[in-house]
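Data block below; observations after.
The values are calculated or read from the model by the stated rules, or taken from the named source; none is laboratory data. Computed from a predicted model, the values in this text were never measured in an experiment. Counting neighbours? That spans all protein chains shown, and the Cβs are built from the backbone with ideal geometry, glycine included.
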Amino acid sequence: MSRKIQVFAVALVLGGAAFTAPALAQNEQFIPNLVYRTGAYAPNGIPFANGVADYYNLVNERDGGINGVKIVFEECDTGYATDRGVECYERLKGKGPTGAAYVIPLSTGITYALTEKAPVDKIPIISMGYGRADSRDGSVYQWNFPMVGTYWTAADIILQHIAKKEGGFDKLKGKKVALVYHDSPYGKEPITLLQKRASMHSFELMLLPVTHPGVEQKATWLQIRQNRPDYVLLWGWGVMNSTAIKEAVAVAYPREKMYGVWWSGAEPDVRPAEDGAKGYNAATLQHSAGQFKLHEDLKKFVYDKGKGVAKWDETGEVLYIRGVINAMLGVEGIRTAQEKYGKKPMTGEQVRWGLENLNLTAARIKQLGFEGVLQPIKLSCSDHEGARTGRIQTWDGKNWKITSDWYTGDDSVIGPLVKETAAKYAAEKKITPVTCPAS
Amino acid sequence: MFYREAGQFKTTYNADQAIFPISQDRWFVTAVVLFAFLGVPLLAGQYLFTEVLIPVLILAIAAIGLNILTGYCGQLSLGTGGFMAVGAYAAYNLALRLPELNIIVVFLLAGVMAMLVGLLFGLPSLRIKGFYLAVATLASQFFLEWAFARVKWFTNYAPSGSVAVGKIEFFGFPIETPMQKYLFVLTLVVVFALVAKNLVRSRIGRMWMATRDMDIAAEIIGIRPLTAKLSAFAISSFYIGVAGALWGFLRLGAWEPLAFDINRSFQVLFMIIIGGLGSILGSFLGAAFIVLTPIFLNQLPSWLGIPLSTAAISHIEFMVFGALIVFFLIIEPHGLARLWAIGKEKLRLWPFPY
């Protein structure tokens, strides 16, 4: 009996260690990094996290930080779970001399939860290529930055590509388009736009949800076999993508007719299906796979010094590059803020200004080493997306190959939807939208 | 030495039936509650409020609810997540569609809504028992999750199926800062725990326990299984529904059905198993253990200054957490509450045990 108590007491003492955090030095910019290196989505989370980490290290090693302000970052594993993500955010948001500069949630669910917290904590959220599609309206969502592309842009780009192949949007009439989606806010985001387009061009939209984590899709693909839609759009993440492609092989649905969103178009998605994935298409968040100019610096300053997080061969993968781009956009946001507020660590509020006034011209992109990967990005108060362009890439069995020209999301379709949904959100949450200067 | 009841005479029936018959217990609990109300707000930081205290307290309400059903009435349920979702979505819709309602009324009505749903899904318990009932409640879990993901009205036709709540006011006072949320939740927890404690000591609680221990014998001595089981389902679902509403409004702020998936059901079930079946105190201990241990394990390496990769920390967290659950169940199968009781027994004899 007393042994039990002793053991219990020891456990209590161990458990009672103080919940305190160590302090950081002064001239440092702290950036939290919510990642998932474990869990069902780890195969996709790891390369992204590696890209982010390597870029921060590169900035520190090559330039000595952002204008002399060293970047300090800390990872926290969310496992793609919303409550753990919020816990990570709360744990890390106050660190560093100025608190978190911005937060990269890397999950639409966590982005939704943090959207409620950001205005209170004054920390901007960079949700590059995910998050709420209507959050590009900066007058309502002052703290959200769904940079480079929202899901509505992605859906529009894919539909434009399909229409082009068919010979115009009017040829879509009577066609059947199926959306196989992750049954979460992430997967449901594009539905609004697809429905709008479906009513505009009178094609039929089939909605086929797949429950988390997406390893069980037999029923979904049975429906596809029965209904034979003309195109299948895939809005999956992690293991759901490779499973979907394997199921498509099993029901002999042509992979050439399948179009994934940019989160369904990376190496971990197609490799497990081996040859079966050949011909599968995906939209790109501008960039595709393959090393480019920046990799010379990465090699010289990070990998040759043995500081790289990933393996060198993996640095040309889609999600790794996306991580690099995401980190670059954040760093450039801080740099823009420093131009206004001085070359010192920035607060979240100052970074928000920097992000909103971010202007990456073609020349600047070339200077940063992203030529050919990114197109110019310019944000403003009313547009937190900054760019609405993308291409289609196709898996040839070995590599991702760009197989289309640039498409631009049609703002005459997306714009009004954004306004409408954002206004509804503002009314529900009793937010008074800020007035944006006419640009 | 200090913890003895010698000299404490009970001269009235009231004194004999007090919740804490020993005055040391009474003082201790009063001190803890007072400290929680007055001391903690002065000492705790924001992280402690939002990630430690509020989640533990809210899930403690859910654990009390499930403990009423499983621990006291013996009806195994795997539908906790679903009933929490009913509470959360009911509260969301009430707050959205009837904005003039006071927030406390919203939460209580959300509890009532969960209670009705709980009653409905409790009906099979009249015919089936044990593991079979667990499977039946599992069906409710899946059905409710499905309903909130599919029926658009529940989410006010939000395109993504995720809902967000606006600002919360309580008689004109805003509930915004973590401390205000904490005090609000704490007040509810104290009231709910007190009511639950009294319920399980009363006639109705004895009815539940008789049904749990042997339902046929209970029936023979005149306890109607219908009343006993359905009242347990109703009250349990009410507690769980309120916990769900609080979880959505005060913890998450924005949520999707995934926040109340089957894992939430298991989480609350593990809380009462680890904490102690049939114990109100156990609900609190279990909630604290299940919520805090992973967070603690996750941060331990950085406190100790051990450089580990993020992935390694997460893997170690899973392994140690699992091992700890097994460890506690081996040293005390009746849960942490039983350990606490043993500790008190020891304390009576200390420092001269025989």
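Counting only residues that are under 22 Å from B:TYR182 (Cα atoms) and either facing chain A (nearest Cβ under 9 Å) or in contact (Cβ under 8 Å) with a residue 40 or more places away in the chain (or both), give me the helices (runs of 4 or more DSSP H) lying completely in the range B:243-354 with at least 2 of them.
B:262-275, B:280-304
Do you know which residues across the range A:116-129 are closer than 18 Å to A:PRO32 by Cα and in contact (Cβ under 8 Å) with a residue 40 or more places away in the chain?
A:ASP121, A:LYS122, A:ILE123, A:PRO124, A:ILE126, A:MET128
Going through the range B:158-174 one residue at a time, which ones are closer than 16 Å to B:ARG97 by Cβ, more than 7 Å from chain A (Cβ to nearest Cβ) and either of a type in the set (Lys, Arg) or not in a loop (DSSP other than H, G, I, E, B) (or both)?
Correct list: B:VAL163 only.
With respect to A:LEU159, is the statement that it is touching a helix residue (DSSP H, G or I) at 6+ places or on another chain (Cβ under 6 Å) and in the same structural domain as A:VAL232 (by TED's automatic domain parsing) true?
yes
Restricting to helices (runs of 4 or more DSSP H) lying wholly in the range A:120-212: which have 3 or more residues that are over 20 Å from B:ALA158 (Cα atoms)?
Result: A:151-166.
Can you pull out every residue in the range A:80-115 that is within 8 Å of chain B (Cβ to nearest Cβ) and over 28 Å from A:GLU28 (Cβ atoms)?
Residues satisfying the conditions are A:THR82, A:ASP83, A:THR108, A:GLY109, A:TYR112.
Tell me whether the range A:41-48 contains one or more residues that are assigned by TED's automatic domain parsing to the domain that holds A:GLN338, surrounded by fewer than 23 Cβ atoms within 10 Å (Cβ to Cβ), more than 17 Å from B:GLU317 (Cβ to Cβ) and over 22 Å from the mean Cα position of the chain (by Cα).
no
If a residue counts only when it is away from every other protein chain (no Cβ under 14 Å) and surrounded by fewer than 16 Cβ atoms within 10 Å (Cβ to Cβ), which helices (runs of 4 or more DSSP H) contained entirely in the range B:13-110 have at least 1 such residues?
B:13-16, B:23-34, B:40-43
Report yes if some residue within the range A:379-400 is at negative phi, within 14 Å of chain B (Cβ to nearest Cβ), crowded, with 16+ Cβ neighbours inside 10 Å and of a type in the set (Gly, Ala, Ser); otherwise report no.
no
Show me the strands (runs of 3 or more DSSP E) found entirely inside the range A:231-313 where at least 1 residues are among the small types (Gly, Ala, Ser) and either in contact (Cβ under 8 Å) with a residue 60 or more places away in the chain or under 22 Å from A:ASP183 (Cα atoms) (or both).
Where strands (runs of 3 or more DSSP E) fall fully within the range A:231-313 and carry at least 1 residues being among the small types (Gly, Ala, Ser) and either in contact (Cβ under 8 Å) with a residue 60 or more places away in the chain or under 22 Å from A:ASP183 (Cα atoms) (or both), they are A:258-260, A:281-283.
Yes/no per residue for (1) surrounded by 22 or more Cβ atoms within 10 Å (Cβ to Cβ); (2) of a type outside the set (A, V, I, L, M):
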position	(1), (2)
B:ALA245	yes, no
B:PHE249	yes, yes
B:GLY253	no, yes
B:ILE272	yes, no
B:ILE280	yes, no
B:PHE284	yes, yes
B:ILE290	yes, no
B:PRO333	no, yes
B:TRP350	no, yes
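Can you find a residue in the range A:189-202 that is within 13 Å of chain B (Cβ to nearest Cβ) and within 16 Å of A:MET240 (Cα to Cα)?
no
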